[in-house]
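Right, one structure below, let's go through it.
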Amino acid sequence: MYWNLDFDADPGFSAYVVLLVISGLIMLFLGISGVGEQTKGERAVSAVVGLAFFGYGFYLALLFDGGTYWIVFKAFIVPAVLIFNVIRNAITRRKERKAGPVEAQANPYPAYPPQANAAQPYAPQPAAPQAYAPQPAAPQPYAPQPAAPQAAQPAPVSPVQEQ
């Protein structure tokens, strides 16, 4: 089996193939192992993309006969982002576990104590409080005075009645 890795003849291609295989293996490891408590969807995406990177690197290293090939820069960015997310999620979940579960407060305010001999709502009260008596006050200097009665005016005379 012939290896296409020759760092003397084409160091860029050889370094790309090695980094592509390493990126694929890292993503496969993250997808299969579930490090950092990833969701099932995140693990599946990591595993599929890692398998694609590893497979393409394997193809370039062993089966490629020369010609043109694709350089996928995402092969180096995606594993770094995934590793960052795994570490961030692990730290967040660890902090949540240390804090403990957050329990909702059943009743945020204390209940009023029951009243002794409390009557039912809308029941007649035998000793209902009476209204207060009016308070004595000084006479108001500008209080409205009753109007004086006016004398009646005679009715108007119509021109038809004059004859």
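The values are calculated or read from the model by the stated rules, or taken from the named source; none is laboratory data. Values in this document were obtained by computation on a predicted structure and should not be read as measured data. Cβ coordinates were reconstructed from backbone atoms using ideal geometry, including for glycine residues, and neighbour counts include every protein chain displayed.
Numbers for the structure displayed
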| quantity | calculated |
| --- | --- |
| Verdict on PHE58 being in a helix (DSSP H, G or I), touching a Gly at 6+ places or on another chain (Cβ under 7 Å) and modelled with pLDDT of 80 or more | no |
| Given (1) surrounded by 11 or more Cβ atoms within 10 Å (Cβ to Cβ); (2) not in a helix (DSSP H, G or I), index of the condition GLY66 fails | (1) |
| Subset of the stretch 10-65 [within 28 Å of the chain's Cα centre (by Cα) and of a type outside the set (A, V, I, L, M, F, W, C)] | GLY31, GLY34, GLY36, GLU37, GLN38, THR39, LYS40, GLY41, GLU42, ARG43, SER46 |
| Residue within the stretch 99-108 that is over 25 Å from PHE53 (Cα atoms), at pLDDT below 80, in a helix (DSSP H, G or I) and out of contact with any Cys (no Cβ under 9 Å at 6 or more places or on another chain) present | yes |
| Yes/no for TYR142 being among the hydroxyl-bearing types (Ser, Thr, Tyr), at pLDDT 70 or above, assigned to a loop (DSSP other than H, G, I, E, B) and surrounded by fewer than 10 Cβ atoms within 10 Å (Cβ to Cβ) | yes |
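Here's the yes/no breakdown for (1) at pLDDT below 85; (2) aromatic (Phe, Trp, Tyr); (3) over 18 Å from GLY12 (Cβ atoms):
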| position | (1), (2), (3) |
| --- | --- |
| GLU42 | yes, no, yes |
| ALA52 | no, no, yes |
| ILE71 | yes, no, no |
| LYS74 | yes, no, no |
| TYR112 | yes, yes, yes |
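Condition check ((1) over 24 Å from ASN89 (Cα atoms); (2) touching a helix residue (DSSP H, G or I) at 6+ places or on another chain (Cβ under 9 Å); (3) among the charged types (D, E, K, R); (4) surrounded by 13 or more Cβ atoms within 10 Å (Cβ to Cβ)) across all residues:
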site: LEU5; (1), (2), (3), (4): yes, yes, no, yes
site: PRO11; (1), (2), (3), (4): yes, no, no, no
site: ALA15; (1), (2), (3), (4): yes, no, no, no
site: LEU20; (1), (2), (3), (4): yes, yes, no, yes
site: GLY24; (1), (2), (3), (4): no, yes, no, yes
site: GLY31; (1), (2), (3), (4): no, yes, no, yes
site: LYS40; (1), (2), (3), (4): no, no, yes, no
site: LEU51; (1), (2), (3), (4): no, yes, no, yes
site: LEU60; (1), (2), (3), (4): yes, yes, no, yes
